[in-house]
Each structure stands twice: as structure tokens, then as C-alpha cells.
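Visitor: Quick one: the structure is below, and I'll ask about it shortly.
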Amino acid sequence: MQNNSANLQADCQGYVLATNNPSKVAELNAILESRLGAENFRLIALSDLGLALSPEETGTTFEENAIIKANETAALLKKHGHEMTVLADDSGLCIDAMDGELGVNSALYMGAGTPYSVRIAEILKTMQGVPDDQRTARFVCVIACVAPDGKITTTTGVVEGRIANSPSGKDGFGYDPIFYLPEYDKTMSELSSEEKNAISHRGQAFNRMLDML
């Protein structure tokens, strides 16, 4: 794939993923390739077009924040002459014993620059002594799609689990090492990429979006 906006727009069928997280791009492209089996159908990041944007996520729900990111990214693209469809996700970890936190604040918990290892340690400290049957939690993801004509579509994915007593696994990212899936007897970080993409909140939301596009 060549690194200029004209070829990127042609090669990628005009789909941009509004994220600065390369792990998200890789995860969703793996799902996309497995479904379509065509290498030229790829999501690209704003950085591939030489652009950058950090929208202020002022929404109180995952859906509101996903739409904010998608709309602002679409506006930036239009300003630079790109008529492209934009996908944006907002996702997070909701822990019942912490009154639904971290919720929409998952990416900013303890401050945007705080390493996830530190955040995970703080969650486990807060959850210390909570019995297994009360450690229930879920990952939630909402994907918003903004078409060049301004039409907005959203899809949602949810995966249920519980908070492990200690981190485990080397794959995945974010809070995956402490999100335990009883049916697999593994944390999200211990799943293979194929297993994770098949069941994850982001995978569910993205597959539903692909069904609609």
C-alpha cells in the first residue's frame, strides 16, 4: 500500500478508523481480512493520511463518545478534501463492584498517561477481598459510522466476565490481563487473536457494523 492519500482512499474503499491506537487498527483489520479475504479492504488511521486529531470525549455514554469522535474526524477529513466513511469506537470496562466504573472513563482512569499496569494494580487493590461471585464485569464497545453524506449508524458489542485476582497473559492490551472469562478459564490476554476476535466486545460491534455496511 502506497503512502499517499489518493492511493489510500482508492485501496481502502474510503474507510478511516478514528483512533490513535495501533492495536485497535490491527485487531479490526484482522477481523476485516478474515471476513472479506481481500487484502485491499483495509481500515486506515488518520496518521496514514498525515492527519491527527484528539477529540474531547464529553459524552456520558459510549455511544455519545463514539459519535463525537466519528463526527469530528469526518469534519477534519472533509476540510482536507477527503470524502471518506469514518468508523470510531468507544469502549470500556464496567465493574459491578465499583458501581459500573470505569465506564466511559476507562481510557482516562488515573490520568491519560498512566500505564495500564498501574491502573490494573489500583483496580485489584480496590477489589481486594471481593468474592469471585461479586467480581462480575463486562467490556462494552460502541462503533459509530459516519458516511460522507452525514448519516450516522451505531452498533454495540458486550462481553461478560469477571475481574481476576491477578493479571495473566501477555497478549491483548489495556485491561485484558485481568478480564477473566469463566467459559474459557482464561483472561482475555490469554486468548489467541482468533479466539478474542470471535468473542470480544469490539469484534461483536465491528462484525455487526460490517453486516450493515
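The values are calculated or read from the model by the stated rules, or taken from the named source; none is laboratory data. Everything numeric in this text was worked out from a predicted model, so none of it was measured. Cβ atoms come from the backbone with ideal geometry, glycine included; neighbour counts cover every protein chain shown. SASA here: full protein model, heavy atoms, side chains in, ligands and nucleic acids out. Shrake-Rupley method; radii C 1.70, N 1.55, O 1.52, S 1.80 Å.
Visitor: Expressed as a rounded percentage, what relative contact order does the stretch 33-184 have, with Cα pairs under 8 Å and six or more residues apart?
Guide: Averaging sequence separation for qualifying contacts and normalising by length gives 21 percent for the stretch 33-184.
Visitor: Now a separate question. So, in Å, what gap is there between the alpha-carbon centers of the stretch 122-141 and the stretch 50-77?
Guide: If you average the Cα positions of each part, the centres end up 29 Å apart.
Visitor: Helix 62-79: angle to the longest alpha-carbon principal axis of the chain, degrees 0 to 90, nearest 10?
Guide: In the chain, helix 62-79 runs at an angle near 20 degrees to the longest axis.
Visitor: On a full-extension model of 0.36 nm per residue, what is the gain between V158 and D171, subtracting their alpha-carbon distance, rounded to one decimal in nm?
Guide: Between V158 and D171, full extension yields an extra 2.7 nm.
Visitor: May I pose another question? Just name one of N105, A147, G203: the one whose Cα is farthest towards the positive end of the charge dipole of the stretch 96-213 (beta-carbon charges, Lys/Arg +1, Asp/Glu -1).
Guide: Among N105, A147, G203, the one farthest towards the positive end of the dipole of the stretch 96-213 is A147.
Visitor: Report, in deg cm²/dmol and to the nearest 500, the calculated mean residue ellipticity at 222 nm for the chain, where each DSSP H run with n ≥ 4 adds -39500 (n - 2.57) and the sum is divided by the residue count.
Guide: -10000 deg cm²/dmol
Visitor: Select one label from (i) 50; (ii) 54; (iii) 64: the one whose number is percent of Cα pairs over 21 Å apart as derived from the coordinates shown.
Guide: Working out percent of Cα pairs over 21 Å apart from the coordinates points to (ii).
Visitor: A further question follows. Find the accessible area per residue for the chain; the probe is 1.4 Å, ligands and nucleic acids are left out, and the unit is Å².
Guide: For the chain, the per-residue accessible area is 49 Å².
Visitor: Under a plain spin-label model, where a point goes 7 Å from the Cα along Cα-to-Cβ, how far apart in nm are A75 and E56?
Guide: 1.1 nm
Visitor: Still on this structure, please answer the following. Once the Cβ-Cβ distance between E33 and E183 is put in as r, and R0 is 35 Å, what FRET efficiency do you end up with, to the nearest 0.05?
Guide: Efficiency, from the Cβ-Cβ distance: 0.85.
Visitor: Select from the stretch 111-213 those chymotrypsin sites (Phe, Trp or Tyr not before Pro) which occupy a DSSP coil region and have at most 12 other Cβ atoms within 10 Å, ordered by residue number.
Guide: Here no loop site has a sparse enough neighbourhood.
Visitor: Which loop-located trypsin sites (Lys or Arg not before Pro) does the stretch 136-193 contain, where loop means any DSSP state but H, G, I, E or B and the Cβ has at most 13 other Cβ atoms within 10 Å?
Guide: K151, K170
Visitor: Within the accessible area of the stretch 50-194, what % is carbon and sulfur when the probe is 1.4 Å and the other protein chains stay in place?
Guide: Using a 1.4 Å probe with all protein chains present, the stretch 50-194 comes out at 50 percent carbon and sulfur.
Visitor: I would also like to ask the following. Taking the Cα centre of the chain as origin, sum charge times position over the Cβ atoms of Lys and Arg (+1) and Asp and Glu (-1), and report the length of that vector in debye to the nearest 20.
Guide: 320 debye
Visitor: How high is the FRET efficiency between A26 and D132 when r is their beta carbon distance and R₀ equals 35 Å, given to the nearest 0.05?
Guide: Step by step, r from the Cβ atoms, then E = 0.60.
Visitor: Return one number: the angle in degrees, 0 to 90 and rounded to the nearest 10, between the long axis of the Cα atoms of helix 201-212 and the longest principal axis of the Cα atoms of the chain.
Guide: It is inclined by approximately 30 degrees.
Visitor: Now a separate question. Give me a comma-separated list of calculated 3J(HN,Hα) values for the stretch 165-173, in order, Karplus coefficients 6.51, -1.76, 1.60 applied at θ = phi - 60°, integers in Hz, x for any Gly or Pro.
Guide: Per-residue couplings from phi come out as 7, 7, x, 8, x, 10, 9, x, 7 Hz.
Visitor: Would you grab the residues whose amide H sits under 5 Å from the one on K186? Only those 5+ places off in sequence or on another chain, please, with H modelled 1.01 Å from N.
Guide: L181
Visitor: Near K69, which aspartates and glutamates are there with a Cα under 18 Å away, not counting those fewer than 8 places off in the same chain?
Guide: D48, E56, E57, E83, D89, D90, D149
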